[in-house]
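As structure tokens, the structure follows; a few thoughts come after it.
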Amino acid sequence: MLFAKSRILSTLVAVGATVAISLAAIQPAEAQRQTIRFATSNVGSYGYAVGNVISEILQQNLGRGYAVVVQPYPSTSGAMRSVMDGDGEFGYTADVGMRSLYDGDRPYDNYNPARGKLVHTLYVYPMETFMLVSDRRKGEFNSYKDFDGKPGYYTPAGFMNWLNMRRVFAALGYEFNHVEIDNSTVADAFEANTIQGSAGYTTAGVSLPTYWREAELRANLAAVNPTDAEMEKLRAAGLNPVQVDPSKAFSQELGVESIWAVPIYFAYNVRGDMDADLIKNILDILYANKDKLVEGDAGFGPLADDFVGTQAAGVAANPDIPVHPGLAAFLKEHGQWNDSWTIAGQ
């Protein structure tokens, strides 16, 4: 009897030891699994949607050693701060937001990140900002100079397209005279002549925001393009105008064959201390799967058409901001590195 109990006890000890060894083997493997957190804008936003598409592709291709997760924040600045304070890896931003960060403008005045500033890393889709006027007054506006100092609505104050138009006017040396109105009253403001013009914008050259969809049903519009001389000034400032086909975005004719717009490049950027080989691998994966990005969201169309060029354009918009070593290696490999740019940490 004692022998039987002893055998049972020995068996239990052996099983327990085996389980302990198995758990010990599993726990280090789990502990070594690296989490890559995408800090996005709020749930339901476009930034959140594209963040999910990117994270799914990366999860499928990075392997079991990585867990890619999406963490939404109430604002873009909140997402940026979370990464810079060490609570995320990729922060949702745009070239204009990066400019505000490095210039110390609101909301980054007196802000000192706990871990480090974001650097150029991954540019994912464009928005294109341009000028619109009432069709009945189109003869009065032949250049951006015609808006110099005049009251205009440049989308809600502080938003990315507002920041974009502010830097456009600054690059051209014109006075930026913004009148704040409700988005829903743009057509009424045109009718009452309380604004001379208004900034419009598309996402990826094809999608209008809801309020412009509604405004164009109530007002006849015309697009105003910068002159050749103005476009040269914009290019010299790193703001390279792009063409938008109005027929793809608007339901009415705007009096021009093409709209010349200044793009904003939205991004998921990281701190300069993130592993260079990992970032290069992530860029390689997304470049190889660019068509799958479009399958996930049509807004990735411009990125798929020119993945490398989009990265270079994002850097060129703020050439003084450091470039992540992983992106630098990617651009050098594809022949689009500019030796005047600075690599983070070097």
Report task. Can you tell me which residue within region 31-90, out of those that are among the hydroxyl-bearing types (S, T, Y) and assigned to a loop (DSSP other than H, G, I, E, B), is farthest from Y108 (Cα to Cα)? Result -> S45
Requested in this report: Output the qualifying pairs, or none if there are none: Cβ atoms under 7 angstrom, residues six or more apart or on different chains, first residue in region 254-265 and without any contact (Cβ under 8 Å) to a residue 40 or more places away in the chain, second residue part of a strand (DSSP E or B).
Outcome: V256/A223; S258/Q243; S258/V244
Query raised in the report: Restricting region 203-239 to residues that are closer than 17 Å to M160 by Cβ and of a type in the set (V, I, T), which is surrounded by the fewest Cβ atoms within 10 Å (Cβ to Cβ)?
Result: T210
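Outside the structural domain of S55 (by TED's automatic domain parsing), in a helix (DSSP H, G or I) and of a type in the set (D, E, K, R): which single residue out of K292, K248 fits that description?
Residue meeting the stated conditions: K248.
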Requested in this report: Among what's in region 109-157 and is of a type in the set (S, T, N, Q) and assigned to a loop (DSSP other than H, G, I, E, B), pick the residue that is surrounded by the most Cβ atoms within 10 Å (Cβ to Cβ).
Outcome: T121
Requested in this report: Might you check whether a residue that is assigned to a helix (DSSP H, G or I) and polar (S, T, N, Q) occurs anywhere in region 270-287?
Outcome: yes
Requested in this report: Look at T194 and say whether it is outside any loop (DSSP other than H, G, I, E, B), of a type in the set (S, T, Y) and either more than 22 Å from I259 (Cβ to Cβ) or at pLDDT 95 or above (or both).
Outcome: no
Query raised in the report: Would region 269-286 turn up any residue that is touching a Ser or Thr at 6+ places or on another chain (Cβ under 9 Å) and either under 24 Å from L234 (Cβ atoms) or not assigned by TED's automatic domain parsing to the domain that holds T35 (or both)?
Result: yes
Report task. Evaluate the following for R106: is it part of a helix (DSSP H, G or I), among the charged types (D, E, K, R) and either surrounded by 21 or more Cβ atoms within 10 Å (Cβ to Cβ) or more than 12 Å from the chain's Cα centre (by Cα) (or both)? Result -> no
Query raised in the report: Looking at region 86-101, which of its residues are buried (at least 16 other Cβ atoms within 10 Å of the Cβ) and not charged (D, E, K, R)?
Result: G88, F90, G91, Y92, T93, A94, V96, G97, M98, S100, L101
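Can you give me the number of residues within region 175-201 that are of a type outside the set (V, I, T) and touching a Gly at 6+ places or on another chain (Cβ under 7 Å)?
Going through region 175-201 one residue at a time, the tally reaches 6.
Name the residues in region 295-307 that are part of a helix (DSSP H, G or I) and either without any contact (Cβ under 8 Å) to a residue 60 or more places away in the chain or surrounded by fewer than 20 Cβ atoms within 10 Å (Cβ to Cβ) (or both), would you?
E295, G296, A298, G301, A304, D305, F307 - these are the residues of region 295-307 that are part of a helix (DSSP H, G or I) and either without any contact (Cβ under 8 Å) to a residue 60 or more places away in the chain or surrounded by fewer than 20 Cβ atoms within 10 Å (Cβ to Cβ) (or both).
When region 167-191 is examined, which residues are found to be of a type in the set (F, W, Y) and either under 21 Å from the mean Cα position of the chain (by Cα) or outside any helix (DSSP H, G or I) (or both)?
Correct list: Y174, F176.
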Query raised in the report: Tally time: how many residues in region 217-229 are under 18 Å from E257 (Cβ atoms) and in a helix (DSSP H, G or I)?
Result: 1
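The values are calculated or read from the model by the stated rules, or taken from the named source; none is laboratory data. Only a predicted model underlies this, so the values are computations on that prediction, with no experimental measurement involved. Cβ coordinates were reconstructed from backbone atoms using ideal geometry, including for glycine residues, and neighbour counts include every protein chain displayed.
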